[in-house]
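In what follows, a structure is listed as structure tokens, so that the remarks can point back to it.
The values are calculated or read from the model by the stated rules, or taken from the named source; none is laboratory data. This is a predicted model, so every value here is computed, not measured. We place every Cβ from the backbone using ideal geometry, glycine too, and count neighbours over all the protein chains shown.
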Amino acid sequence: MRMPHPLTTAAALVLALVTPVIAADAISGDVKKVDEANAKITLHHGPAKSLGMDEAMTMVYRVKDAALLKGLKPGDKVKFEAQEDASGYTVTKIEKGK
């Protein structure tokens, strides 16, 4: 049996570690507004089953880290994950769609 080259294995591991991972239940949406100063983003999205939302809507979300907003602008298609806590909804991961 032929063993994989060590560099190939190392490269695959590095890619796995640096590639953003968005869960299968990620929410698809469109960026409407980015407010980096206040770490908020306005998103229009379809149903968000993971948040108990059955209808499409536009909402303002806080972001866990303002750095998540870098490079995003109105009109961008995104996939994101969010969680609900006592103070509302917070985006925990976001990436541009393709």
- Message: Condition first: over 19 Å from MET53 (Cβ atoms) and basic (Lys, Arg). Now tell me which residues in the range 74-98 satisfy that.
- Response: LYS96, LYS98
- Message: For the range 27-72: of the residues being acidic (Asp, Glu) and part of a strand (DSSP E or B), which is surrounded by the most Cβ atoms within 10 Å (Cβ to Cβ)?
- Response: ASP30
- Query: Just for the range 73-88: of the residues that are closer than 11 Å to ILE41 by Cβ and aliphatic (A, V, I, L, M), which one is surrounded by the fewest Cβ atoms within 10 Å (Cβ to Cβ)?
  - Reply: VAL78
- Out of the range 37-64, which residues are modelled with pLDDT under 95 and within 16 Å of THR90 (Cβ to Cβ)? ALA48, SER50, LEU51, GLY52, MET53, LYS64
